1. Checking D57 against (1) exposed (fewer than 14 other Cβ atoms within 10 Å of the Cβ); (2) among the charged types (D, E, K, R); (3) in contact (Cβ under 8 Å) with a residue 40 or more places away in the chain: exactly one of these is not met. Which one?
2. Pick out, from the stretch 1-101, the helices (runs of 4 or more DSSP H) lying fully within it that include 3 or more residues that are acidic (D, E).
3. Could you identify the single residue in L69, L108 that is closer than 24 Å to S27 by Cα and modelled with pLDDT of 90 or more?
4. Condition (residue is closer than 18 Å to L6 by Cβ, in contact with a Ser or Thr (Cβ under 6 Å, 6 or more places away or on another chain), surrounded by 14 or more Cβ atoms within 10 Å (Cβ to Cβ) and modelled with pLDDT of 85 or more) applied to the stretch 116-132: is it met by at least one residue?
Amino acid sequence: MSKKDLIIDWDPKFGVEVEEVDNYQKSLFDQLNELIDLKQKKTDPKIIANMISEINDAGKLFFSSEEKLLKKRKYPDFDAHVRKHRHFIKTSINMRREIAEDVENLTLEAIVELRDWLIEHIETSDCEYKPFLRIHQYIDDVTKKK
(Lines give C-alpha, C1' and ligand atoms only; values in the text may rest on other atoms or scores of the structure.)
Protein backbone atom coordinates (compact mmCIF):
# COMPACT_ATOMS: atom_id res chain seq x y z
CA MET A 1 0.00 0.00 0.00
CA SER A 2 1.24 3.46 -0.82
CA LYS A 3 1.27 6.24 1.71
CA LYS A 4 -1.42 8.05 -0.31
CA ASP A 5 -3.74 5.05 0.07
CA LEU A 6 -3.21 4.95 3.83
CA ILE A 7 -3.48 8.61 4.79
CA ILE A 8 -6.93 9.82 5.79
CA ASP A 9 -7.69 13.51 5.93
CA TRP A 10 -10.30 14.80 8.32
CA ASP A 11 -13.40 15.92 6.49
CA PRO A 12 -16.21 18.11 7.85
CA LYS A 13 -18.59 15.15 7.30
CA PHE A 14 -16.88 13.55 10.31
CA GLY A 15 -17.68 16.55 12.51
CA VAL A 16 -20.28 16.48 15.25
CA GLU A 17 -20.76 20.27 15.29
CA VAL A 18 -18.97 20.61 18.62
CA GLU A 19 -15.68 22.41 18.01
CA GLU A 20 -13.76 20.75 20.85
CA VAL A 21 -14.80 17.24 19.77
CA ASP A 22 -14.12 17.99 16.10
CA ASN A 23 -10.65 19.28 16.99
CA TYR A 24 -9.87 16.08 18.89
CA GLN A 25 -10.96 14.07 15.86
CA LYS A 26 -8.65 16.10 13.62
CA SER A 27 -5.76 15.62 16.01
CA LEU A 28 -6.25 11.85 16.16
CA PHE A 29 -6.38 11.64 12.36
CA ASP A 30 -3.11 13.60 12.16
CA GLN A 31 -1.46 11.36 14.75
CA LEU A 32 -2.57 8.14 13.07
CA ASN A 33 -1.31 9.48 9.74
CA GLU A 34 2.01 10.29 11.38
CA LEU A 35 2.21 6.79 12.88
CA ILE A 36 1.62 5.29 9.42
CA ASP A 37 4.40 7.48 8.06
CA LEU A 38 6.78 6.51 10.88
CA LYS A 39 6.08 2.82 10.35
CA GLN A 40 6.63 3.04 6.61
CA LYS A 41 9.94 4.86 7.14
CA LYS A 42 11.01 2.18 9.66
CA THR A 43 11.64 4.90 12.23
CA ASP A 44 13.36 4.25 15.56
CA PRO A 45 11.13 1.97 17.67
CA LYS A 46 11.20 4.41 20.60
CA ILE A 47 9.72 7.16 18.44
CA ILE A 48 7.00 4.80 17.22
CA ALA A 49 6.26 3.69 20.80
CA ASN A 50 6.02 7.33 21.89
CA MET A 51 3.65 8.08 19.02
CA ILE A 52 1.38 5.24 20.08
CA SER A 53 1.40 6.62 23.64
CA GLU A 54 0.45 10.03 22.27
CA ILE A 55 -2.41 8.48 20.30
CA ASN A 56 -3.61 6.71 23.43
CA ASP A 57 -3.49 9.95 25.43
CA ALA A 58 -5.24 11.89 22.65
CA GLY A 59 -7.91 9.20 22.45
CA LYS A 60 -8.52 9.46 26.18
CA LEU A 61 -8.88 13.26 25.95
CA PHE A 62 -11.16 13.03 22.93
CA PHE A 63 -13.41 10.40 24.45
CA SER A 64 -13.45 12.08 27.85
CA SER A 65 -14.56 15.37 26.31
CA GLU A 66 -17.24 13.65 24.27
CA GLU A 67 -18.43 11.58 27.23
CA LYS A 68 -18.76 14.66 29.47
CA LEU A 69 -20.90 16.33 26.85
CA LEU A 70 -23.10 13.28 26.32
CA LYS A 71 -23.46 12.64 30.04
CA LYS A 72 -24.43 16.27 30.67
CA ARG A 73 -27.13 15.96 28.00
CA LYS A 74 -28.25 12.56 29.34
CA TYR A 75 -27.65 10.81 26.03
CA PRO A 76 -29.75 7.61 26.14
CA ASP A 77 -27.05 5.37 24.57
CA PHE A 78 -24.29 6.78 26.76
CA ASP A 79 -23.13 3.47 28.30
CA ALA A 80 -22.92 1.68 24.97
CA HIS A 81 -21.02 4.61 23.48
CA VAL A 82 -18.51 4.60 26.32
CA ARG A 83 -17.91 0.87 25.87
CA LYS A 84 -16.94 1.52 22.26
CA HIS A 85 -14.43 4.11 23.39
CA ARG A 86 -12.86 1.60 25.76
CA HIS A 87 -12.26 -0.70 22.80
CA PHE A 88 -10.09 1.92 21.06
CA ILE A 89 -8.10 2.65 24.22
CA LYS A 90 -7.61 -1.04 24.95
CA THR A 91 -6.42 -1.66 21.40
CA SER A 92 -3.90 1.19 21.49
CA ILE A 93 -2.60 0.05 24.89
CA ASN A 94 -2.17 -3.49 23.57
CA MET A 95 -0.38 -2.10 20.53
CA ARG A 96 2.05 -0.24 22.80
CA ARG A 97 2.69 -3.39 24.87
CA GLU A 98 3.31 -5.51 21.79
CA ILE A 99 5.99 -3.22 20.43
CA ALA A 100 7.65 -2.88 23.80
CA GLU A 101 8.81 -6.43 23.19
CA ASP A 102 9.63 -5.97 19.50
CA VAL A 103 8.71 -3.11 17.17
CA GLU A 104 8.24 -5.62 14.36
CA ASN A 105 5.14 -6.80 16.24
CA LEU A 106 3.47 -3.61 15.02
CA THR A 107 2.22 -4.12 11.52
CA LEU A 108 0.94 -1.53 9.13
CA GLU A 109 -2.26 -3.55 9.00
CA ALA A 110 -2.73 -3.14 12.78
CA ILE A 111 -2.34 0.62 12.46
CA VAL A 112 -4.79 0.74 9.55
CA GLU A 113 -7.22 -1.38 11.54
CA LEU A 114 -7.09 1.09 14.44
CA ARG A 115 -7.51 4.00 12.03
CA ASP A 116 -10.43 2.30 10.30
CA TRP A 117 -12.08 1.57 13.65
CA LEU A 118 -11.89 5.27 14.51
CA ILE A 119 -13.37 6.30 11.16
CA GLU A 120 -16.18 3.75 11.49
CA HIS A 121 -16.88 4.90 15.06
CA ILE A 122 -17.08 8.53 14.02
CA GLU A 123 -19.22 7.83 10.96
CA THR A 124 -21.69 5.66 12.85
CA SER A 125 -21.71 6.02 16.64
CA ASP A 126 -20.76 9.69 16.77
CA CYS A 127 -23.12 10.62 13.96
CA GLU A 128 -25.95 8.92 15.85
CA TYR A 129 -25.78 11.51 18.62
CA LYS A 130 -25.60 14.58 16.35
CA PRO A 131 -29.41 14.97 16.04
CA PHE A 132 -29.73 14.50 19.80
CA LEU A 133 -27.26 17.33 20.43
CA ARG A 134 -28.90 19.54 17.79
CA ILE A 135 -32.26 19.21 19.55
CA HIS A 136 -30.70 20.13 22.89
CA GLN A 137 -28.90 23.08 21.32
CA TYR A 138 -32.18 24.26 19.79
CA ILE A 139 -33.92 23.98 23.17
CA ASP A 140 -31.08 25.91 24.83
CA ASP A 141 -31.27 28.63 22.15
CA VAL A 142 -35.05 28.97 22.48
CA THR A 143 -34.83 29.04 26.28
CA LYS A 144 -32.20 31.81 26.17
CA LYS A 145 -34.45 33.97 23.98
CA LYS A 146 -37.28 33.89 26.53
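The values are calculated or read from the model by the stated rules, or taken from the named source; none is laboratory data. All values reported here derive from a predicted model rather than from experimental measurement. In this analysis, Cβ positions are derived from the backbone assuming ideal geometry, glycine residues included, and neighbour counts consider all displayed protein chains.
1. (3)
2. The qualifying helices (runs of 4 or more DSSP H) are 19-40, 45-72, 78-101.
3. L69
4. The answer is no; no qualifying residue exists.
Residue-wise test of (1) touching a His at 6+ places or on another chain (Cβ under 8 Å); (2) surrounded by 17 or more Cβ atoms within 10 Å (Cβ to Cβ); (3) at pLDDT 90 or above.
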residue	(1), (2), (3)
I36	no, yes, yes
P45	no, no, no
M51	no, yes, yes
F62	no, yes, yes
F78	no, no, yes
